[in-house]
Amino acid sequence: MVAPASALSIGIGVLFMLAAACRVFSRMSSSYVAGTHSMAFVTAPSEEVAKKIAGGLVKNKLAACVNIIPKIVSVYEWKEEINEDAEVLMMIKTRSSRLEEMTKFVRENHPYDVCEVISSPIAQGNQPYLDWISEIVPEK
């Protein structure tokens, strides 16, 4: 059995490999402009908090979809102490042009003093899905 922290590390490694593969595919297709959309990652202390933030992001057209991934473990340093906490991870799909507003919304609705909001541009993907993100999340 893989420990939760190891599973997260493996999952993030897989995401980076997929992103590299997408960069290769983006050179083969000219229909999608790489970076039009982004994936953002936000951790939260509970599923309840994540659902509240996710619902607000979708309702306010700042995200087309938010996946809530339960049961991750985060190990980090805070105020000179090593901490280990159970958290959930939100994977947010949005337009890159809306990242600043999305980050502001998360910061205003998140219980942490310093919340994690990191993002990466989408290089390529299923065109109908990317079109759907564009339909749901309007340009800034």
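Numerical summary
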| item | result |
| --- | --- |
| Some residue of the stretch 104-111 being aromatic (Phe, Trp, Tyr) and either open to solvent by less than 40 Å² (accessible area, probe 1.4 Å) or touching a residue at least 24 places away in the same chain (Cβ under 8 Å) (or both) | yes |
| Residue match in the stretch 120-127 (condition: assigned to a strand (DSSP E or B), under 12 Å from the mean Cα position of the chain (by Cα) and touching a residue at least 24 places away in the same chain (Cβ under 8 Å)) | yes |
| Output for the stretch 36-59, where each listed residue is among the charged types (D, E, K, R) and either under 25 Å from Gln127 (Cα atoms) or part of a loop (DSSP other than H, G, I, E, B) (or both) | Lys59 |
| Among residues of the stretch 102-128, those that are acidic (Asp, Glu) and within 24 Å of Lys59 (Cβ to Cβ), counted | 2 |
| Qualifying positions in the stretch 75-95 - surrounded by 16 or more Cβ atoms within 10 Å (Cβ to Cβ) and in contact (Cβ under 8 Å) with a residue 60 or more places away in the chain | Leu89 |
| Residue among Leu89, Leu62, Leu99 that alone is hydrophobic (A, V, I, L, M, F, W, C) and part of a helix (DSSP H, G or I) | Leu99 |
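The values are calculated or read from the model by the stated rules, or taken from the named source; none is laboratory data. Model, not experiment: these values are computed from the prediction. Here the Cβ is made from the backbone with ideal geometry for all residues, glycine too, and neighbour counts use every protein chain on show. With ligands, DNA and RNA removed, areas are computed over all heavy atoms of the protein, side chains included. Shrake-Rupley method; radii C 1.70, N 1.55, O 1.52, S 1.80 Å.
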